[in-house]
Each structure stands twice: as C-alpha cells, then as structure tokens.
Amino acid sequence: NNEKSVPQLLIRDLKFEKSLTKLMFSPDQENHPSKAPVKYGELIVLGYNGSLPNGDRGRRKSRFALFKRPKANGVKPSTVHIACTPQAAKAISNKDQHSISYTLSRAQTVVVEYTHDSNTDMFQIGRSTESPIDFVVTDTVPGSQSNSDTQSVQSTISRFACRIICERNPPFTARIYAAGFDSSKNIFLGEKAAKWKTSDGQMDGLTTNGVLVMHPRNGFTEDSKPGVWREISVCGNVFSLRETRSAQQRGKMVENETNQLQDGSLIDLCGATLLWRTAEGLSRTPTVKHLEALRQEINAARPQCPVGFNTLAFPSMKRKDVVDEKQPWVYLNCGHVHGYHNWGNKEERDGKDRECPMCRSVGPYVPLWLGCEAGFYVDAGPPTHAFSPCGHVCSEKTTAYWSQIPLPHGTHTFHAACPFCAHQLAGEQGYIRLIFQGPLD
C-alpha cells in the first residue's frame, strides 16, 4: 500500500500504537506477546515452611525456579589432557574455558576440557555466594526459627555442590551432576577424592561428602513410594552408596539407572535436602490459594476446645511462627485437638507430657501449624493429619508419604523427618489423625 493514500492521522495512530507496544512489552515479548518464559522446574529446600526464617533474599531462598535462559550456557566434555606436573595442569585449564582437573598423584593430573553446548542450560547449587552459584544453600537446622541458629554449625555442604543441566528443547530433561564449576570455571578433584578411569578411557570421580539422589516410585503422587538412595558422580553416573559419606571407596555402578531428575526426586547435599518438582508436576499441586481456602474452611467450621469451649482458628499463613491465643493444640498420643490450657500437667515428666482430658492418654501436647509449602503436598486433600512431634498439619496422604522417606542425616544415618521443619519424626507412624470437636450449638 502506498503510504500517501492512507490518511496521515491513521499513520500517526499506528506509529503511536507501535511505540506504546514497545513500552508495554519486553523485546522478547513483542514478537510473541503470549510467550511466558519456559520453566524447567523448581528446587525446594526441605525444612522451610514457605520461606527462610529471616525471609528470602536474592539467591538465598527456600525455593528456586529454573527458567530457560535467554542464551544457552550449558557445557559438555571435549578434549582430555594428561599433564605430568601441576604447573602444566594449571596452564591447560585456562580461565575462559570450563574444565575438570583430576589429580591422580603428584606426578600426574588429567584435565578434561568442556566446551559450550548450545542445547542446554546449566544451573549451579552450593554454599558459596560467588557468582557461578545460582542457588545458595546453607545447612538446615531442624526447627530453627532464625538464621542465627544456623550460623554456628560447621557446614558440610560443599561450596560448589552440584550442577543441573536442562535440555532447552522439549521434553526439557533435567540431569544432575556432582560438583559445580568455580569462579575460574574449574572443578578440582584433589588427591584424596575418589576418582577413576572409566572403561571408555574417560575420567570420573565423587565429591568429598557426595551428592545423593532418590527418585520416588510412581512419581510424586498419592501413590508415591520411596525409591532407593544413590550417589551421583561428577560425570553423572549412578552408584550405590559408599559405606559412609566421605569413604574413599566408591559404591557399585548402577547401570540401569540414570541421573535424570523426575518429579519428586530428592537431592541430598549433606546438610540440606532439596526436592525437585517439574513444571508439569507443580501444575497439578495445590496452590497457596488452595491451602488458604482449606484453612478458611476449617476455621469456618468453628472447631472448639472441648475443655474451655472457646472457638479455635488456625492463624494466617503469614503468621506461621507466633503462637496465637486461638491456636489449636493437640495431644500427640490420641489426636484430640484443644485450645491451650494448663490442665493435666505431669510434673514428674519434666512438664513435657500431658494427660488428655478427653481420653486420659498421656503424651506431648503441642501447637498445630499449617504446612504452607504447597510443593511438599502429594495431593490436594484437607488438612486432617499432623506430623509428630512438631505439629505441622497437612493432608493424610502427604503425612503418610513423608513418614516413609528415610532422609540422610549426618554421615551414615537416615531417618524420616517433617518436610516443613526437618524435625525427626517420632511415635509409631510419625503422624497422627486430628480429632476436632465441632461447635455445640
């Protein structure tokens, strides 16, 4: 069309509209206004009920979403060099290129160079706050209410603990590898680290405290069952566990399993455990809005304290650390829900155990808290059960699932823990069904 034949006013309007569009959309959206960035999945740290105690800040938070990067930053192995002296090894690993150095002895180091991979995105996780780390993770202290509780502990989490590589094209497969590249783009396995030559002449190794992974059976659903904990190597191979976390001897290679993460996979970094949720899995998970609706529904039923007859109510999700006067409390041996009262204290038992006025069973008496981190729920059921001994409340299927999961603890033990606060579970099942009393009117 000839421009002159179109009324000048219309052209002015079109130009104005174009500049408006530029203001409204980022450059990427202008070409595809409806295109939201692709989300690969999210990592959620166990032991935090929706946010870190002192609030989420920058790269340090309780959950981290992995989005497709504007430009691919993945790497893949390329040239292998065998150097006879540490100086030669240093010369090979140049600052602009990713590489992994395996020190075999004082006389020999193998350096594997990595080149750019335009088909993948790399995300790094660790304790270091240096720029190559995308998600900063610190040690989880069970039930800690502030970061000051966690600072005194000598950390067992590696500074550059692991890396996750996501395919940039569907189905956006995510794979996990032990160790992350440092600021000089190097991974350095010293003389003491477990390392070996593979059958095809490549090098592989394990990090000091290891990266453990467990894939649940039947995905992350109502029917989920715990899988088997495995260790992942620097090259992403799968091994049975070592005798203790940092033993020199590696476990047996598990040929028929992969380092591919699936919805509900658990990643243990020796000091913190992360739950991987795929974008698709999260789309089927209850939202915070849904949990809020369930909270309001329970409160609308006006549950009462069978002793004081006062109405009980779960505090709002924002006030999840301060005991409220209307807060429901529970006797953990029987599940009877009450308001707070001083009745039935057993002095001879350090005042920790109380006798339930309803059924006379004696046991701990604790406040109830709603589980606010929606990513831990395996279904959208009502909050009818509580973990013992912490009193975090969620759906029956969710309590049943987490009570069966043996989570790594220290260097060689495992125990079930509440996902919302990381407290070790107690009692026969690790959870209890709540018995509320409705209003009498």
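At a glance:
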quantity: Qualifying residue in region 101-111 (condition: surrounded by fewer than 20 Cβ atoms within 10 Å (Cβ to Cβ), at pLDDT below 90 and assigned to a loop (DSSP other than H, G, I, E, B)); calculated: yes
quantity: Filter result (touching a strand residue (DSSP E or B) at 6+ places or on another chain (Cβ under 6 Å), assigned to a loop (DSSP other than H, G, I, E, B) and under 23 Å from residue 79 (Cα atoms)) within region 116-135; calculated: 132
quantity: Single unsatisfied condition, residue 291 versus (1) touching a Phe, Trp or Tyr at 6+ places or on another chain (Cβ under 7 Å); (2) outside any loop (DSSP other than H, G, I, E, B); calculated: (1)
quantity: Among the residues listed as 264, 308, 271, the single one being open to solvent by 20 Å² or more (accessible area, probe 1.4 Å) and either in contact with a Ser or Thr (Cβ under 7 Å, 6 or more places away or on another chain) or outside the structural domain of residue 358 (by the TED database) (or both); calculated: 271
quantity: Residue in region 122-132 that is of a type in the set (D, E, K, R), open to solvent by less than 50 Å² (accessible area, probe 1.4 Å), in the same structural domain as residue 43 (by the TED database) and at pLDDT 95 or above present; calculated: no
quantity: Any hit, region 263-282, residues being over 20 Å from residue 407 (Cα atoms) and more than 21 Å from the chain's Cα centre (by Cα); calculated: no
quantity: Filtered residue count, region 157-209, keeping only those that are open to solvent by 40 Å² or more (accessible area, probe 1.4 Å), under 24 Å from residue 64 (Cα atoms) and among the basic types (Lys, Arg); calculated: 3
quantity: Residues of region 371-385 that turn out to be within 19 Å of the chain's Cα centre (by Cα), under 18 Å from residue 328 (Cβ atoms) and outside any loop (DSSP other than H, G, I, E, B), as a count; calculated: 0
quantity: Criterion: under 20 Å from residue 403 (Cα atoms), in contact with a strand residue (DSSP E or B) (Cβ under 7 Å, 6 or more places away or on another chain) and surrounded by fewer than 19 Cβ atoms within 10 Å (Cβ to Cβ) - qualifying residue of 335, 251, 227, 236; calculated: 227
quantity: Region 355-370 - residue that is closer than 22 Å to residue 415 by Cα and not hydrophobic (A, V, I, L, M, F, W, C) and, of those, nearest to the chain's Cα centre (by Cα); calculated: 364
quantity: In region 341-370, the residues that are of a type in the set (S, T, N, Q) and either modelled with pLDDT of 95 or more or part of a strand (DSSP E or B) (or both); calculated: 345
quantity: Of all residues making up region 226-276, the number that are of a type in the set (Asp, Glu) and modelled with pLDDT under 95; calculated: 2
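A quick yes/no check of all residues on (1) open to solvent by 50 Å² or more (accessible area, probe 1.4 Å); (2) not assigned by the TED database to the domain that holds residue 407:
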site	(1), (2)
280	yes, yes
300	yes, no
303	no, no
315	no, no
327	no, no
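The values are calculated or read from the model by the stated rules, or taken from the named source; none is laboratory data. Note that the structure is predicted; figures quoted are calculated from it, not measured. We place every Cβ from the backbone using ideal geometry, glycine too, and count neighbours over all the protein chains shown. Note: accessible area is taken over every heavy atom of the protein model, side chains too, but ligands, DNA and RNA are not part of it. Shrake-Rupley method; radii C 1.70, N 1.55, O 1.52, S 1.80 Å.
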